[in-house]
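Accompanying notes for the structure given below.
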Amino acid sequence: MTRRGKIRTGIFVLAAVTVLGVGLSVRNMQAAEAETTLSYVYQRAVNDLSGYVTGMEAALEKVRYANTATAQTSLAAQLLEESSGAKAALAALPVSGENSGNINRFLAQSGDYASYLSRRLAAGSTLGDEDFENLSMLRKYAETLNEELQKLEERFRYGKVTMNEAKTTLQNITEALPAFGGELEKSASAFGEYPTLIYDGPFSDHISQMTAKATKGLERLPQGNAEQAAAKYLGVKSSELEHTTDTGGGLPCYNFTSGDIRISVTKDGGLLCSISNSRTIKENKLSQEEALKKAEDFLKKSGITSFQESYYITADGICTFNFAWLEETDSLSVTCYPDLIKVGVALDNGEIVSYNASGYLMNHHTRSFEGAAVSAEKARESISPRLQIQHEPNLALIPTPGLDEVLCWEFVCKGEDGEDILVYINVQTGMEERIYELIESDNGVLAL
């Protein structure tokens, strides 16, 4: 190589090294800037979380001593607002694990318990000793969590929190992002075990502890017998089924597959729990009325002999009907909405392509209904004058957020703009328990 060639090659190499160096420098600067930004975002979220928890602690402290329904309701509203803000702040932090789950559970239950107390106070109830014990327990945990969060705030303030890589993905970013590792988990560890809190609300621990009522006392079947039951439900030979992983929990089931079909039957009693058929649905040939007849016939074949069809929706060639158990005696007829069954009918040939009876299996049991303290005529007085009642009310059992049950008068009404409105009046208190709007479309009817 000539001297000029060597010089030219050297220049090219130097230029390449310079470009690479500049590129690396830019990327390093961008990474440092991104890390600084994330650090600020996390610090702000921790500060917000600490502020909201401080507000929760204050509300929990005051509500223990408030002696009027007005003051108690106001403080319960404050507790709900602060806990909602705390949940949002916690969601902004890239944390995971069982300990941070304890914090999530505490925040969720605190807010939900506040809503529960507000509903009771609005109904004219008063807080009892158990309520104040629960509030005192929540306050102590808020105090503990607040202390740990303040320590974490201080570590951020003086730059003592180290940033490391965490497997957290944010929108439009696929690479690992820097996060403060383990700091909030340490706070959660100090927070400790959160005890069971039983009350009427959707975050109550007893919901996850429920077991199926419909299968209680039924004989545990061997897998072979359950397979025969599953084959009978599908109308196929048991040899066409393949056993797959079983389901545990409060509703233990045997699971089987047959081509595109998946079916589950309860281990206790061999009752049909679910069917899922993922086959492609061709052109729609059946009407809604014809599909309903197919669904009703299948329910009877499955041993569900008393039911009330409520609402339906049609999508992707499947008409799915909601059925509730109908409890009928000589003196009354009650639609039991907790005992829900969903049946999906393929509109090309009437085949049952989806079935879900988990609501029925978890909730159905022999019930005894007390007489209504509030008559249907008296319950009418609780209906808004802006609603027009369409016909005589029916008795309906509806689930509470905590999966208890309450007997109500069910009023079907029309709103001022022609909306279809359902109103449920508690037969014991005369208070409004639930209000739903029925949304009708070409695809069906839904209650919102």
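The values are calculated or read from the model by the stated rules, or taken from the named source; none is laboratory data. This structure is a prediction, so every number in the text was calculated from the model and none was measured. Glycine gets a Cβ as well: all are built from the backbone with ideal geometry, and neighbour counts include every protein chain shown. Calculation scope for accessible area: heavy atoms of the full protein, side chains included, ligands and nucleic acids excluded. Shrake-Rupley method; radii C 1.70, N 1.55, O 1.52, S 1.80 Å.
Quick notes on this structure:
- Qualifying residue in the range 211-232 (condition: assigned to a strand (DSSP E or B), among the β-branched types (V, I, T) and open to solvent by 50 Å² or more (accessible area, probe 1.4 Å)): no
- Any pair with Cβ under 6 angstrom, 6 or more apart, that starts in the range 46-75 at a residue that is farther than 17 Å from G128 by Cα and ends at one that is open to solvent by 50 Å² or more (accessible area, probe 1.4 Å) and charged (D, E, K, R): E57/E143
Let's see how each residue does on (1) assigned to a loop (DSSP other than H, G, I, E, B); (2) under 30 Å from D442 (Cβ atoms); (3) in contact (Cβ under 8 Å) with a residue 12 or more places away in the chain:
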{"residue": "A291", "(1), (2), (3)": "no, yes, yes"}
{"residue": "K294", "(1), (2), (3)": "no, yes, yes"}
{"residue": "L299", "(1), (2), (3)": "no, yes, yes"}
{"residue": "T314", "(1), (2), (3)": "no, yes, yes"}
{"residue": "F323", "(1), (2), (3)": "no, yes, yes"}
{"residue": "V334", "(1), (2), (3)": "no, no, yes"}
{"residue": "D339", "(1), (2), (3)": "no, yes, yes"}
{"residue": "G350", "(1), (2), (3)": "yes, yes, yes"}
{"residue": "M362", "(1), (2), (3)": "no, no, yes"}
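- Against the list (1) open to solvent by 40 Å² or more (accessible area, probe 1.4 Å); (2) within 25 Å of the chain's Cα centre (by Cα), the condition K294 fails is (2).
- Test result for N277, open to solvent by less than 40 Å² (accessible area, probe 1.4 Å), more than 23 Å from C336 (Cβ to Cβ) and free of Cβ contacts under 8 Å to residues at least 24 places away in the same chain: no
- Within the range 422-435, being open to solvent by less than 80 Å² (accessible area, probe 1.4 Å) and part of a strand (DSSP E or B) holds for L422, V423, Y424, I425, N426, E433, R434.
- Verdict on L332 being among the hydrophobic types (A, V, I, L, M, F, W, C), open to solvent by 30 Å² or more (accessible area, probe 1.4 Å) and closer than 22 Å to E433 by Cα: yes
- Counting the residues of the range 115-141 that are touching a residue at least 40 places away in the same chain (Cβ under 8 Å) and either within 23 Å of the chain's Cα centre (by Cα) or part of a helix (DSSP H, G or I) (or both) gives 14.
- Only one of the listed residues (E410, E437, E405, E416) is out of contact with any Phe, Trp or Tyr (no Cβ under 8 Å at 6 or more places or on another chain) and within 20 Å of L326 (Cβ to Cβ). That residue is E405.
- Filter result for the condition that a residue is crowded, with 16+ Cβ neighbours inside 10 Å and charged (D, E, K, R), over D348, D417: D348
- Checking D112 against (1) open to solvent by 60 Å² or more (accessible area, probe 1.4 Å); (2) under 21 Å from the mean Cα position of the chain (by Cα); (3) under 22 Å from M431 (Cα atoms), the condition it does not meet: (1)
- Among the candidates T305, T314, residue that is at pLDDT below 95, among the β-branched types (V, I, T) and over 26 Å from N225 (Cβ atoms): T314
- Qualifying position, being closer than 20 Å to I352 by Cα, in contact (Cβ under 8 Å) with a residue 24 or more places away in the chain and not aromatic (F, W, Y), among L241, L234: L234
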